[in-house]
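Accompanying notes for the structure given below.
The values are calculated or read from the model by the stated rules, or taken from the named source; none is laboratory data. No experiment lies behind these values; they were computed from the predicted model shown. With ideal geometry, Cβ positions are generated from the backbone for all residues, glycine too; neighbour counts draw on all protein chains shown. Heads up: the accessible areas ignore ligands, DNA and RNA and are worked out on the full protein's heavy atoms, side chains in. Shrake-Rupley method; radii C 1.70, N 1.55, O 1.52, S 1.80 Å.
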Amino acid sequence: MEYFNTEKVNSYITKKPTLYLFFKRVIDITVSIIALVGISPIFLIVWIANICCKGNRGPLLYKQVRIGLNGKKFGMYKFRSMIVNAETRLLEDKELYKKYVANNYKLKPEHDPRITCLGRLLRKTSVDELPQFINILKGHMSLIGPRPVIEAELKEYDREKLLSVKPGAMGLWQASGRCNVGYPERANIEMEYIDKACAKLDFKIMIGNLISVFKCRGAY
């Protein structure tokens, strides 16, 4: 499937200040290395909890296919918060999938039978998102940017514009309320970031996201 017009994507990319993108990548690498070292005890704790909780046994990490810069697919890492083969179960359950699409490609924990007890805690505290520092270090994602989407969500956006930037672990949508803000408002917020992206805005978004995480706002 063709996601976008390559010429339009490149026209958006050439408008981005090269120096800004260079320093943004330097910061991404530096922060992700420091973060991965700092949160290594959390990886150990979640691994132990994953073994001890009978209803949660399976791989420690979950890798979901998302669409990145220039339409390139990549596996986004999270601590697994669902049962094994959760995606297959979602696609096989037509009623559940309808709820998933209607709720902006997400399900609230109380409506999602696939989430484990440990997974509810990981999601509520946003700890499940921490492995994405691996994606940032690899260059699949940036620390700040529009949230990476699954293929089905592309129809909600101006594809060429969205795919002209690296997706981010933290973005303007998340700082604006995360799951409390649905489509089409979510898409408009992400497009606003792409138009106004700069170091000052990135810093504001980072602070806004940290506040949202601390207050457990919009996370599920």
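For the stretch 159-210, a residue qualifies if it is of a type in the set (Phe, Trp, Tyr), under 17 Å from residue 105 (Cα atoms) and free of Cβ contacts under 8 Å to residues at least 60 places away in the same chain, and exactly one does: 173.
Residue 211 - would you say it is among the β-branched types (Val, Ile, Thr), under 23 Å from residue 27 (Cα atoms) and open to solvent by 30 Å² or more (accessible area, probe 1.4 Å)?
It is true that residue 211 is among the β-branched types (Val, Ile, Thr), under 23 Å from residue 27 (Cα atoms) and open to solvent by 30 Å² or more (accessible area, probe 1.4 Å).
Filtering the stretch 92-117 to residues that are in contact with a Phe, Trp or Tyr (Cβ under 6 Å, 6 or more places away or on another chain), on the phi < 0 side of the Ramachandran plot and either in a loop (DSSP other than H, G, I, E, B) or at pLDDT 90 or above (or both) leaves 107, 108. A count restricted to the stretch 183-201 and to residues that are open to solvent by 40 Å² or more (accessible area, probe 1.4 Å) and within 23 Å of residue 28 (Cβ to Cβ) stands at 6. Note on the stretch 195-220: among residues that are more than 14 Å from the chain's Cα centre (by Cα), among the hydrophobic types (A, V, I, L, M, F, W, C) and part of a loop (DSSP other than H, G, I, E, B), the one that is modelled with the lowest pLDDT is 216. Taking residues in the stretch 142-158 that are under 19 Å from residue 198 (Cβ atoms), and partners anywhere that are basic (Lys, Arg), the pairs with Cβ atoms closer than 6 Å and at least 6 places apart or on different chains are 142/166; 145/166. Only a single criterion out of (1) under 30 Å from residue 18 (Cα atoms); (2) in a helix (DSSP H, G or I) is not satisfied by residue 128, namely (1). The C-beta contact set for the stretch 115-130 (first residue open to solvent by less than 10 Å² (accessible area, probe 1.4 Å), second residue among the charged types (D, E, K, R) and not in a helix (DSSP H, G or I), distance under 6 angstrom, 6+ apart or interchain) comprises 128/78. Residues in the stretch 145-182 that are open to solvent by less than 10 Å² (accessible area, probe 1.4 Å) and not in a helix (DSSP H, G or I): 145, 146, 148, 149, 163, 164, 167, 168, 171, 177. Under the condition of being under 25 Å from residue 49 (Cα atoms) and of a type in the set (Lys, Arg), which residue from the stretch 64-105 is most open to solvent (accessible area, probe 1.4 Å)? That would be 89.
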